[in-house]
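Engineer: Have a look at this one before I ask anything.
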Amino acid sequence: MSVSAINNSSSTSSVSDGMTTNTRAPKHELDPGDFMKLLAVQMQNQDPMKPMDNNEQMAQMAQMSSVQGMTQMLKGFSQMTEQQSKVLATSYLGLQVTLLNDDGDQVTGQVTAVDATGSTPRLQIAGSYYPLTSVTRVEFAPPAEATPTT
């Protein structure tokens, strides 16, 4: 019995000497659809005289369900982490932070804005934006100097 590889990645075609060949980039992860395809192929190619054990089949289905649940949980954790980063970044508004810029130099200043459009929120300090992940210290901003009224 021959088993062909399961691959859902995009394929490319090339023509050489009048012959067309299809090549596919290999996937490095299996998704629940791949498990279903594998189970269907396994059931189609099983020996009718020695069918698959029901316990083994149920164990495979439970394993597939478990993988799918963990995948959904991982997506949820990822979304929760992204939201927590945005909340943390906005909590720095008005505070003085010290961070490392791209050159490795320390920058200290008051956070005046937050840009949350990318995957990692960025803090605006003195007109420049820095990633939230570069923050090394957070403290209350020094009080603004009072201007005397006349």
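The values are calculated or read from the model by the stated rules, or taken from the named source; none is laboratory data. The model shown is predicted, which means the values in this text are computed figures rather than measured ones. Here the Cβ is made from the backbone with ideal geometry for all residues, glycine too, and neighbour counts use every protein chain on show.
Engineer: Can you tell me which residue among LEU99, LEU123 is in a strand (DSSP E or B), free of Cβ contacts under 8 Å to residues at least 60 places away in the same chain, in contact with a Lys or Arg (Cβ under 9 Å, 6 or more places away or on another chain) and farther than 30 Å from ASP34 by Cβ?
Structural biologist: Of the residues listed, the single one that is in a strand (DSSP E or B), free of Cβ contacts under 8 Å to residues at least 60 places away in the same chain, in contact with a Lys or Arg (Cβ under 9 Å, 6 or more places away or on another chain) and farther than 30 Å from ASP34 by Cβ is LEU99.
Engineer: Please identify the pairs in which a residue from segment 31-55 that is over 27 Å from GLN72 (Cα atoms) has its Cβ atom under 7 Å from the Cβ atom of a residue that is loosely packed, with under 10 Cβ neighbours inside 10 Å and not hydroxyl-bearing (Ser, Thr, Tyr), counting only partners at least 6 apart or on another chain.
Structural biologist: ASN45/MET1
Engineer: While we're on this one: Could you tell me whether segment 15-33 includes any residue that is at pLDDT 80 or above and either out of contact with any strand residue (DSSP E or B) (no Cβ under 9 Å at 6 or more places or on another chain) or closer than 30 Å to THR133 by Cβ (or both)?
Structural biologist: We begin by selecting, within segment 15-33, every residue at pLDDT 80 or above; these are none.
Within segment 15-33, not a single residue is at pLDDT 80 or above and either out of contact with any strand residue (DSSP E or B) (no Cβ under 9 Å at 6 or more places or on another chain) or closer than 30 Å to THR133 by Cβ (or both).
Engineer: Could you tell me which of the residues SER134, SER65 is closer than 30 Å to LYS37 by Cα, surrounded by 11 or more Cβ atoms within 10 Å (Cβ to Cβ) and more than 17 Å from the chain's Cα centre (by Cα)?
Structural biologist: SER65
Engineer: Would you point out which residue out of GLN63, GLN46, GLN57 is of a type in the set (S, T, N, Q), modelled with pLDDT under 90 and outside any helix (DSSP H, G or I)?
Structural biologist: None of the other options fit; the residue is GLN46.
Engineer: When the residues of segment 114-128 are filtered to those that are under 18 Å from GLU82 (Cβ atoms) and not polar (S, T, N, Q), which remaining residue is surrounded by the most Cβ atoms within 10 Å (Cβ to Cβ)?
Structural biologist: In this case the residue turns out to be LEU123.
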